[in-house]
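Accompanying notes for the structure given below.
The values are calculated or read from the model by the stated rules, or taken from the named source; none is laboratory data. Small disclaimer: the values here were computed from a predicted structure and weren't measured. All Cβ positions, even for glycine, are placed from backbone atoms using ideal geometry, and neighbour counts span all protein chains on display.
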Amino acid sequence: MGLPNPRTRKPTASEVAAWAKYRLGKRLDIDGRYGPQCWDLPNYIFRTYWNFITWGNAMHMAYYKYPKGFKFIRYTRGFVPKPGDIAVWHPGNGIGYAGHTAIVVGPSDENAFTSVDQNWKHYERPPNYNAGSAASLEKHGYVSVTGFVRPAYHPEATDPKTPTDIKPNIKPNKNDKLTTTGEAKKPEFKEIKKVQYTSFSSMLDEKLEYIDHYVAYGNMQPKPKGIYIKESSHLRSVEELYLQRNKYIEEGEYPHVYVDRERVWTPRPYDREAPQYPGWLVVEVCGGQTEGKRQFMLNQIRALIYGVWMLGWTDLKLSRSSIKVDQNIWRTMKDLINYDLIKNGIPDESKYDEVEKKIINLYLNKDKLMRETITTTTTKMKIRISNTTTVDTPSTGTAPKSKEPSKAPEIVVEKSPFTFQKALDLQMARGMPQKSYTWGRGNASRSETSKYMNPNTIWDSGTQRYQMLNLGKYQGISVDKLNKILQGKGTLSGQGKAFAEGCKKYNINEIYLIAHALLESGNGRSYFASGNAGVYNYFGIGAFDNNPNNAIPFARSKGWTSPPKAIIGGAKFVRRDYIDKGQNTLYRMRWNPKAPATHQYATAIEWCHHQATNISAFYKKIGLKGVYYVRDKYK
């Protein structure tokens, strides 16, 4: 969950409570001592927005002299804390010698309150409280609670009051065919506008999250020269780098900060030296090998904003003298000055000077560049108003005929040996259904799982019916239409013939295979899809969690030296490893109605909902519909 920029305002209580919920399952260690302790969570807020941390242990937060506007409310019977309050415990009644602290998120009443706690829940036996543990959601009584800190939060936004004294302007409906003088009424016309717009929205991006967890230190650094900008060589987001922090990166390799548009992680304190770049504050931008042009530009801007914020700790300003780019900043050179570092090699200093100027311009124009771009088309037309025609009920015209004759849907109905309730019981018992919430991913309720699993409501939806599209049936869509979907999709652009050939050869639905390839290859722009390694891998085949780069030698072993070879070879793999397993629809991949809660391809209950939405959008783009379906029902 995002918090406001510390330079603009303090957070509201509800923002801090929402941020605390988003931290569930995550670890925050701001001082690098004893792992994620309970003390770290509230002190991150104190340090970020009020420039202080409390002394001593958690219990001592009850005695700290807080800044103006803060309150410490000593607990008395009947008091009910608010979301955003910070609970402080003293030792005793199961609370250790250091006390405890947590951020209240609610609900709360006179008997109990709910909070987000670090170093509370431990699964190891015996529990190692000295090593800390991730944030968890806990319900507490008031035993041993000393009181609650209420910070000087920014006021909550209030909704404007709706006027109640406005009377609707209702005119009598005159449907008489004659005027008051007995003459026939003349036809009336009204001009209307049809507005179409296209927005380039970042709806899928998560709110910005700051991860303060130091894992590298080094020598003390004197006053820095400025910020040193690198591009991450890892095919991972900031979140993935953080979660896998001790696996692939040596301590000396860590920069001061990793940045993308969703997260900022500071693995090294600003006052410590990065051994490879002494004298600089090192900012490493993620996504150079995996993101589209606009997405990577947003990552760069977010990195610059944070870099300038770091400079604020010194007396330096952003300028040519306080910024330096890494020699291997290939993606930035390609995007900003159209210089291909991979093809043409290391250039002279003039190219780096040019890039640094462009980077500074990115920062200066950040507000304009980060805004969404909306293209609007307005068409005017006149309609005749009659007794049976309104602008709310437009007349239906004849739809233009498709060049390709549409086929009648072919539907195969199959019945599960389980009742729906029994299948739902199995999913809840051992399927571990998950759902996305505002604070992250958590366990889904039975009612939520039932909603996304219900085959009847899925079938009745024109869009969600694609969950039951038979992925193992070739439809015969023309190459031109496939290329329309692939237009502008990196190295996949213009590869409609290869998809048509591969799908026909291995009997796979073309739209599904394209959707699968676009998802796995970052719309044809990932490093695996670039061909820079001499091979292509559009489906991430051979990539493992502990060795994602294995996708390249795997593609090389298969001879995927061109996009068509990779597409047709990928079709063979998808047929063998997905469709031939018997789960030939999205619904079967997720819910497996013949053997519920076993061999399922995802835990997220929304997974096939999102996939079906994408497939439906692609069909609409080319003016066609799916033909072959397998409709699953329960006993």
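Within the range 486-499, is even one residue crowded, with 19+ Cβ neighbours inside 10 Å, touching a strand residue (DSSP E or B) at 6+ places or on another chain (Cβ under 9 Å) and modelled with pLDDT under 95? No, because not a single residue in the range 486-499 is crowded, with 19+ Cβ neighbours inside 10 Å, touching a strand residue (DSSP E or B) at 6+ places or on another chain (Cβ under 9 Å) and modelled with pLDDT under 95. Could you tell me which residue of the range 226-275 is farthest from the chain's Cα centre (by Cα), considering only residues that are among the small types (Gly, Ala, Ser), farther than 25 Å from SER321 by Cα and in a loop (DSSP other than H, G, I, E, B)? Residue satisfying both the conditions and the ranking: SER233. Highlighted here are the helices (runs of 4 or more DSSP H) found entirely within the range 292-375 that include at least 2 residues which are at pLDDT 90 or above: 293-311, 330-337, 349-364.
Give the residue, chosen from ALA62, ALA87, ALA102, ALA112, that is in the same structural domain as PRO36 (by TED's automatic domain parsing), among the aliphatic types (A, V, I, L, M) and surrounded by fewer than 19 Cβ atoms within 10 Å (Cβ to Cβ). Walk me through how you get there before you give the answer.
Values: ALA62 fails: surrounded by fewer than 19 Cβ atoms within 10 Å (Cβ to Cβ); ALA87 fails: surrounded by fewer than 19 Cβ atoms within 10 Å (Cβ to Cβ); ALA102 fails: surrounded by fewer than 19 Cβ atoms within 10 Å (Cβ to Cβ).
So the residue among ALA62, ALA87, ALA102, ALA112 that is in the same structural domain as PRO36 (by TED's automatic domain parsing), among the aliphatic types (A, V, I, L, M) and surrounded by fewer than 19 Cβ atoms within 10 Å (Cβ to Cβ) is ALA112.
I'd like to know if the range 12-19 contains one or more residues that are assigned to a loop (DSSP other than H, G, I, E, B), surrounded by 21 or more Cβ atoms within 10 Å (Cβ to Cβ) and either touching a strand residue (DSSP E or B) at 6+ places or on another chain (Cβ under 6 Å) or not assigned by TED's automatic domain parsing to the domain that holds SER144 (or both). There is no residue in the range 12-19 that is assigned to a loop (DSSP other than H, G, I, E, B), surrounded by 21 or more Cβ atoms within 10 Å (Cβ to Cβ) and either touching a strand residue (DSSP E or B) at 6+ places or on another chain (Cβ under 6 Å) or not assigned by TED's automatic domain parsing to the domain that holds SER144 (or both). Only one of the listed residues (TRP591, TRP560) is of a type in the set (Phe, Trp, Tyr), within 30 Å of GLN421 (Cβ to Cβ) and touching a helix residue (DSSP H, G or I) at 6+ places or on another chain (Cβ under 7 Å). That residue is TRP591. Within the range 463-485, restricting attention to residues that are within 23 Å of MET589 (Cβ to Cβ) and among the β-branched types (Val, Ile, Thr), the residue that is surrounded by the fewest Cβ atoms within 10 Å (Cβ to Cβ) is THR463. Just wondering, is there one or more residues in the range 68-80 that are of a type in the set (S, T, N, Q) and either closer than 19 Å to GLU138 by Cβ or outside the structural domain of ALA112 (by TED's automatic domain parsing) (or both)? Checked against the condition, which is being of a type in the set (S, T, N, Q) and either closer than 19 Å to GLU138 by Cβ or outside the structural domain of ALA112 (by TED's automatic domain parsing) (or both), the range 68-80 yields no hits at all.
Let me confirm something: among LEU298, LEU336, LEU369, LEU316, which residue is touching a helix residue (DSSP H, G or I) at 6+ places or on another chain (Cβ under 6 Å) and under 25 Å from GLY522 (Cβ atoms)?
Working: LEU298 fails: touching a helix residue (DSSP H, G or I) at 6+ places or on another chain (Cβ under 6 Å); LEU369 fails: touching a helix residue (DSSP H, G or I) at 6+ places or on another chain (Cβ under 6 Å); LEU316 fails: under 25 Å from GLY522 (Cβ atoms).
Selected residue: LEU336, the only one of LEU298, LEU336, LEU369, LEU316 that is touching a helix residue (DSSP H, G or I) at 6+ places or on another chain (Cβ under 6 Å) and under 25 Å from GLY522 (Cβ atoms).
None of ALA566, ALA517 is under 23 Å from the mean Cα position of the chain (by Cα) and crowded, with 24+ Cβ neighbours inside 10 Å except ALA517. Once the range 577-621 is narrowed to residues that are buried (at least 21 other Cβ atoms within 10 Å of the Cβ), aliphatic (A, V, I, L, M) and assigned to a helix (DSSP H, G or I), the residue that is farthest from the chain's Cα centre (by Cα) is ILE579. In the range 513-535, which residue that is in contact with a helix residue (DSSP H, G or I) (Cβ under 7 Å, 6 or more places away or on another chain) and polar (S, T, N, Q) is farthest from ASN483 (Cα to Cα)? Checked the range 513-535; the qualifying residue farthest from ASN483 (Cα to Cα) is ASN532.
THR48 - would you say it is on the phi < 0 side of the Ramachandran plot and touching a strand residue (DSSP E or B) at 6+ places or on another chain (Cβ under 8 Å)? Steps first, answer last, please.
Details: on the phi < 0 side of the Ramachandran plot: yes; touching a strand residue (DSSP E or B) at 6+ places or on another chain (Cβ under 8 Å): yes.
Criteria met by THR48.
Right, SER115: of a type in the set (Gly, Ala, Ser), more than 27 Å from ASP212 (Cβ to Cβ) and modelled with pLDDT of 90 or more or not? For SER115, the condition - of a type in the set (Gly, Ala, Ser), more than 27 Å from ASP212 (Cβ to Cβ) and modelled with pLDDT of 90 or more - is not met. Restricting attention to the range 68-111 and to residues that are more than 18 Å from THR54 (Cβ to Cβ) and in contact with a Pro (Cβ under 8 Å, 6 or more places away or on another chain), the residue that is modelled with the lowest pLDDT turns out to be GLY106. GLY440: surrounded by 14 or more Cβ atoms within 10 Å (Cβ to Cβ), at positive phi and either modelled with pLDDT of 75 or more or not aliphatic (A, V, I, L, M) (or both), yes or no? Criteria met by GLY440.
For the range 521-542, how many residues are of a type outside the set (A, V, I, L, M, F, W, C) and within 24 Å of the chain's Cα centre (by Cα)?
Step one: list which residues in the range 521-542 are of a type outside the set (A, V, I, L, M, F, W, C), which gives 521-527, 530-532, 534, 536-538, 540, 542.
Next cut, within 24 Å of the chain's Cα centre (by Cα) only: 521-527, 530, 537-538, 540.
Adding up the residues that qualify gives 11.
Looking only at the range 212-225, which residues are surrounded by 15 or more Cβ atoms within 10 Å (Cβ to Cβ) and outside any loop (DSSP other than H, G, I, E, B)? Correct list: ASP212, HIS213. In summary, GLN487 fulfils each of the numbered conditions (1) in contact with a helix residue (DSSP H, G or I) (Cβ under 9 Å, 6 or more places away or on another chain); (2) farther than 21 Å from GLN600 by Cα with the single exception of condition (1).
Are any of the residues in the range 418-439 outside the structural domain of ARG575 (by TED's automatic domain parsing), charged (D, E, K, R) and under 30 Å from ALA20 (Cα atoms)?
The answer is yes, given that some residue of the range 418-439 is outside the structural domain of ARG575 (by TED's automatic domain parsing), charged (D, E, K, R) and under 30 Å from ALA20 (Cα atoms).
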